[in-house]
Amino acid sequence: MSGSLILGVESSCDETGVAFVRGNELLGDVVASSVDEHARFGGVVPEVASRAHLEALVPTIRRACEETGHRLADVDAIAVTSGPGLAGALMVGVSAAKALSWALDKPLYGVNHLAAHVCADVLDHGPLPEPTVALLVSGGHTNLLLVRDIASDVVELGSTIDDAAGEAFDKVARVLELPYPGGPHIERAAATGDPQAIRFPRGLTARKDLDKHRFDYSFSGLKTAVVRWVQERQLAGEPVPVADVAASFNEAVADVLTAKAIDACRTYGITDLQIGGGVTANSRLRALAEERCAEAGISLRVPRVRLCTDNGAMVAALGSQMVQRGLPPSSLDLPADSSMP
Ligand code: KG4
Ligand code: ZN
């Protein structure tokens, strides 16, 4: 095996992730999630997340060492998510990574969480084609990115102007009285529904919006449309066809996400599209992206579902790219930057 051994630490939201990567090879990846603790609040509670990271981090590092047979002393560099994310949650991972860097006398690399999501795919499909357009869809983010160099040159083409796509799944699930996190439950309900039953709006696709928001997304209008549609049924004393609502909502999200991503590829003359983030688990999104990319002559890369959600592997993968590309390490003053672009 060649390449430096990178330890990756992720703690930006509700998953404590620790992984070992060498070169582009994933050696081991352990994730401890506090998602169940947030479920009764219907969303991530920052204080609860920070405390959970604090409790989980050391045992998670131990488990990653046990599962890979690696000792901390073998590590060549430490990569950690330094932003964006929840300030208190980030601080736990960043502090631990600094302590490891200092104690082991190994370089520290602060990485951007969004770039790390894109980089996860390297572990499944090898070096990323550059330039590539990347669509990142999670509970906290919805971004279209132009990636010229994953370690140093990532430009945002557009993002959501209100809710993230995953957030929309979670909110609509609540309206349909499905559990949190809503994405998988909506997907399950949608399986028996008709995606064409209700025509829900596709945000920022009207001609008047395209000048200013061509590559931006908006999901709050879609959520409101679903709420209104359901309430009208309830007021009329009619049953709510949950499967049809879920399928039509899921279709609207998958449609607008893929349409704008492909428009970005065409506009910038790029023939590679990469999709990542927790919402990528959605099978309709994957299928529609495959179908439309095939039609447009764009080659699509989507990592396995486990690498789409938050984990330490993607952080280690990006750290490994920074090492391979000779980027300078971060100093021990590295801040936890919750609003990092
Ligand atoms: O990337 P992720 O694990 O965490 C961050 O938000 O960073 O994404 C979680 C989000 C949640 O909003 C969840 O509802 C959504 O991803 N999600 C899905 C599916 N699985 C998870 N959304 C749609 N379909 C799914 N199958
Ligand atoms: Zn994420």
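Using just the helices of the chain, give the 222 nm mean residue ellipticity in deg cm²/dmol: DSSP H runs with n ≥ 4 each add -39,500 (n - 2.57), and the total is spread over all residues, rounded to 500. It lands at -14500 deg cm²/dmol. In whole Å, how far is the Cα centre of the range 1-41 from that of the range 255-292? Rounded to whole Å, the Cα centres lie 25 Å apart.
Could you give the alpha-carbon Rg of the range 266-311 over 2.2 N^0.38 Å, rounded to two decimals? Cα-based Rg divided by the globular estimate yields 1.19.
Tell me the net charge near residue 309. Cut-off is 12 Å between Cβ atoms, residue 309 excluded, with +1 for each Lys or Arg and -1 for each Asp or Glu.
In short, -3.
For the range 154-184, the set of GluC sites (Glu not before Pro) satisfying both a DSSP loop assignment and a count of at most 15 other C-beta atoms within 10 Å is given as 177.
The aspartates and glutamates whose alpha-carbon is closer than 12 Å to the alpha-carbon of residue 171, local same-chain residues fewer than 8 away aside, are 163.
Here each label is just a point 7 Å from Cα along the line to Cβ, and for residue 40 and residue 58 those points are 2.7 nm apart.
Between residue 199 and residue 152, the FRET efficiency from the beta-carbon distance, with R0 = 45 Å, is close to 0.55. Ignoring aspartates and glutamates fewer than eight residues from residue 208 along the same chain, the ones with Cα atoms less than 15 angstrom from its Cα are 216. In the range 129-303, one over the average inverse separation of all distinct C-alpha pairs is 16.4 Å, which is the Kirkwood hydrodynamic radius. Three semi-axes describe the equivalent ellipsoid of the chain; taken as square roots of 5 times the Cα gyration tensor eigenvalues and ordered largest first, they are 35, 23, 16 Å. Label sites at residue 212 and residue 236, each approximated as a point 7 angstrom past Cα along Cα to Cβ, lie 3.5 nm apart.
Charged neighbours of residue 241, selected by a Cβ distance under 10 Å, balance to -2 (K, R count +1; D, E count -1). Say R0 is 35 Å: what FRET efficiency, to the nearest 0.05, do residue 229 and residue 48 get from their beta-carbon distance? Using R0 = 35 Å, I get an efficiency of 0.60.
Legend: calculated FRET efficiency, residue 333 to residue 87, from the Cβ-Cβ distance at R0 = 22 Å, rounded to 0.05, equals 0.85. Within straight-line reach of residue 98, meaning a Cα separation under 19 Å, sit the following lysines at least 8 residues removed in sequence or on another chain: 106.
A short reminder: the numbers here are calculations on the coordinates, not readings from a lab. As the structure is a prediction and not an experimental result, all values here were calculated from the model. Counting neighbours? That spans all protein chains shown, and the Cβs are built from the backbone with ideal geometry, glycine included.
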